[in-house]
Amino acid sequence: MTTDHHPLTSSHTAYRDSGVDTDEADIGLSRLVKRITPTWPRHGNFGAVLLPIGYFANVIDVGGIGLAICTDGVGSKAIIAKLMNKYDTIGIDCVAVNVNDLICVGAQPVSLVDYIAVERVEAKVLDSIATGLAEGAAQAGISISGGETAQLEDVVRGFDLAGTAVGTVSLDKIVTGRHLEPGDCVIGIESSGIHSNGLTLARKAFFKRDRPLPLEYPLPGKGVPLGEELLRPTLIYVSEIMEILRRIPDVKALINITSDGLLNLSRVDNARVGFRIDELPPVPEIFQLIQEYGNVGTAEMFEVYNMGVGFCVVVGESVGPVLSILEQHGRKAWVIGKAIEDPTKGVYVPRHRLEGHKKRFREE
């Protein structure tokens, strides 16, 4: 791997210095939550909100039917699409970031509406984005039932793409992790790479430097052009997770590994377990390259990126059947760790000497 680069920042500040202040965002979110939760109907009433804000998706009680809902966008991956002048896959990411959150509560995704904000309208670009949305919908088994296109020349540079997805789940089958027990197994499913998180940090590492890497730079070990690798679509895990939920009775938790990386495990609704992750697969080349060129510490890499694991299924004794289902769906998966007794809800990665709580890893 080449070494003609300069350090960009120090430990735990790379993401903030690239323009994403997660600490300030958390402060703002906590204030937002205080403002909006008083709008919630009481439990038992029509429209009652059943989960706390901060889980992957929420569930609304609509006359005894669980309506799952979430919203998310592709973030600065849109900038990579613009740099590559390639827009036909970014819609897959928009679908993926939403449906992968919906399935975490055990919901069957049903439909998505999109929001496309553009600096100026280009019919060919919109058509290419729609191509990806349609492909993502086909992979997830959902419809795209509407949306909004906004021309915001004074607000947006390039374009932004987001969506809101809905699904259904029986009220007695909502999955949150509340039944987790020490000893339950964590199965990690491969990611396709960077997915849709941490692109701001990646762009700073590769392109905002004295000698920017070209988009055509071949990724060490793979030979894939850097731009193509960064634009690789997020995997959609709907079909395999739905089959697991249908066939496996002891699914304890489902975790989408997005921003915050493996720290997403601590979002489960269980106050007495943490997770020991001691059998991770090899870290994909793209993350090694970001760490090297961005001078990013290992702890922060694990805070920002999925590091090769895009989704986790936590089960009791049904490890074999779950792995078999995933194999039938063409997914690589591994038993990467276990739930442990831990009232601090920590996430521990011994191989990398990491101990994590809430949104931070620290090196032991």
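Structure notes:
- Cβ-based net charge around residue 361, under 12 Å, with every Lys or Arg adding one and every Asp or Glu removing one: -1
- Dipole size of the range 192-273 about its Cα centre, with +1 on Lys/Arg Cβ and -1 on Asp/Glu Cβ: approximately 240 debye, rounded to the nearest 20.
- Helical content of the chain, expressed as a calculated mean residue ellipticity at 222 nm, amounts to -9000 deg cm²/dmol (DSSP H runs of 4 or more residues, -39,500 (n - 2.57) each, divided by residue number, nearest 500).
- Diffusion coefficient of the range 22-164 by Stokes-Einstein, Kirkwood radius over Cα pairs, 25 °C, 0.890 mPa s: 148 µm²/s.
- Extreme residue, positive dipole direction of the chain, given options 121, 44, 66 (C-beta unit charges): 44
- Shape category assigned to the range 290-364 from the gyration tensor of Cα positions, a/c cut at 1.5: oblate
- GluC sites (Glu not before Pro) restricted to DSSP loop in the range 308-341 with at most 15 other C-beta within 10 Å: 317
- If the chain linking residue 328 and residue 138 were pulled fully straight, counting 0.36 nm for each residue of separation and taking away their Cα-Cα distance, it would gain 66.5 nm.
- Beta bridge orientation in the range 64-208: antiparallel %, DSSP, nearest 5: 70
- Added length on full extension, which subtracts the Cα-Cα distance from 0.36 nm per residue, residue 278 to residue 211: 20.4 nm
- More than 14 Å apart - percent of Cα-Cα pairs taken over the range 230-304: 74
- Surface accessible to a 1.4 Å probe, per residue, for the residues of the range 289-364, Å²: 42
- Using a Förster distance of 41 Å, the FRET efficiency for residue 48-residue 222 (Cβ separation, nearest 0.05): 0.25
- With the simple model of a label 7 Å out from the Cα in the direction of the Cβ, residue 239 to residue 24 spans 4.3 nm.
- Candidates 151, 291, 108, ranked by Gaussian network fluctuation over the chain, Cα under 10 Å, top entry: 151
- Two-site FRET efficiency, residue 152 against residue 84, from Cβ-Cβ distance with R₀ of 30 Å, rounded to 0.05: 0.85
- Given 77/345; 222/332; 34/332; 82/222, the pairs whose alpha carbons are separated by over 29 Å: 77/345; 34/332
- Beta bridges by DSSP in the chain, antiparallel share as percent, to the nearest 5: 85
- Simple label model, 7 Å out from Cα along Cβ direction - residue 246 to residue 145, nm: 2.1
- Among beta bridges identified by DSSP and lying wholly in the range 43-90, the antiparallel ones come to about 90 percent.
- Considering only 169, 185, 201, the residue lying farthest towards the positive end of the dipole of the range 159-207 is 201, judged by Cα position with unit charges set on Cβ.
- Given charges at Cβ of Lys, Arg, Asp, Glu: the chain dipole, positive-most of 356, 85, 144: 356
- Rough spin-label spacing in nm, given labels placed 7 Å along Cα→Cβ, for residue 269 and residue 35: 2.6
- Carbon/sulfur fraction of accessible area - the chain, other protein chains in place, 1.4 Å, %: 51
- With Rh defined as the Kirkwood radius, the inverse of the mean 1/r over Cα pairs, the Rg/Rh of the chain is 0.95.
- The loop-placed GluC sites (Glu not before Pro) in the range 81-157, going by DSSP, that have at most 15 neighbouring Cβ atoms within 10 Å of their Cβ come out as 122, 153.
The values are calculated or read from the model by the stated rules, or taken from the named source; none is laboratory data. What you see is a predicted model; the values in this text were computed from it and never measured. Note that we place each Cβ from the backbone using ideal geometry, even for glycine, and neighbour counts take in every protein chain shown. For accessibility, only protein heavy atoms count, side chains too; no ligands or nucleic acids. Shrake-Rupley method; radii C 1.70, N 1.55, O 1.52, S 1.80 Å.
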